[in-house]
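Take a look at the structure set out below.
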Amino acid sequence: MGFTFDRKYLAALLVALAALAALAAAGWQTIVRLRSSVEQVRHSHESQDQIDGIYRTLLDLETSQRGYLLTHEDSYLAPYRAAQARLHAEMDSLAQLLAPHPEQAADLARLGGLVEAQRSVLARSIAQRDAEAGVAIVRTGEGHLLMGEIRDVLERMDHAEARLLAQHEADTDAVVNQNLRIGAGVVGVGALMLLAVYALMRRE
């Protein structure tokens with residue numbers, strides 16, 4: 001008897017196609033999740049880099065301030081002003097990066113207040129025409145205490161981002177593993193479909 005494409009072949013194909021469609025839909029969902037997880041990982045890395053950048057900029061401010069107070073050379077004012085402008089931009093960028101994380105809002109607000117206080121102390125010391133008056137402000141230790149508080153807040157924020165990063169990386173690994181399982185399922189269903197059609201053809 002010759003081969004005819006009757007109902008049993010059509011049923012086998014429809015079942016196989018339905019299984020493939022379900023696997024494809026699941027695969028698309030995991031791809032969407034994977035893209036989201038990868039973006040979150042990138043976001044956490046960027047936030048940590050920005051936190052580190054703010055601390056380095058504050059150190060640059062202190063270095064320039066002390067160089068100017070010790071020498072009263074105007075050459076120290078250019079890097080000081082550049083660091084001031086960079087710090088303002090970095091704080092704005094960090095605020096945007098942390099906007100999706102309300103749990104960081106309190107530390108971000110605290111950091112903003114401390115940074116402004118530190119900038120005020122540094123600016124006040126540089127504004128003194130008399131070198132000894134500027135050095136006297138440094139000797140009060142106010143700037144040193146502020147820098148210690150800033151460091152503590154930045155460390156808390158960095159640790160919070162590290163926890164988020166670990167979670168996002170674990171999510172990414174889980175999604176990758178799920179994609180591998182779905183890929184194996186697609187291959188398996190395809191193989192079963194071919195075997196079923198072949199078996200029906202042989203029986204016919």
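At a glance:
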read-out	value
Candidate residues E161, E39: accessible-area rank, largest first, probe 1.4 Å	E39, E161
Magnitude of the charge dipole, region 72-186, Cβ model with Lys/Arg +1 and Asp/Glu -1, debye to 20	120
Ellipsoid equivalent to region 84-129 - semi-axes via the Cα gyration tensor, in Å	26, 12, 4
Accessible surface ranking that places the most exposed of V153, V38 first, with a 1.4 angstrom probe	V38, V153
Residue-level accessible surface for H72, protein heavy atoms, 1.4 Å, Å²	60
Accessible area in the full protein assembly, largest first, 1.4 Å probe, for I150, I126	I126, I150
Whole-angstrom Cα spans of region 11-157 along principal axes, big to small	94, 29, 16
Of all accessible heavy-atom area on region 34-180, the percent that carbon and sulfur account for (1.4 Å)	54
D49 accessible area, assembled protein chains, probe 1.4 Å, Å²	100
With all protein chains modelled, accessible area of V15 [1.4 Å, Å²]	100
Heavy-atom accessible area per residue - region 55-131, 1.4 Å, Å²	54
Rough spin-label spacing in nm, given labels placed 7 Å along Cα→Cβ, for A22 and E132	8.8
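The values are calculated or read from the model by the stated rules, or taken from the named source; none is laboratory data. Remember, predicted model here, so these are calculated numbers, not experimental data. Ideal geometry is used to build each Cβ from the backbone, glycine not excepted, and the neighbour counts take in all protein chains shown. SASA here: full protein model, heavy atoms, side chains in, ligands and nucleic acids out. Shrake-Rupley method; radii C 1.70, N 1.55, O 1.52, S 1.80 Å.
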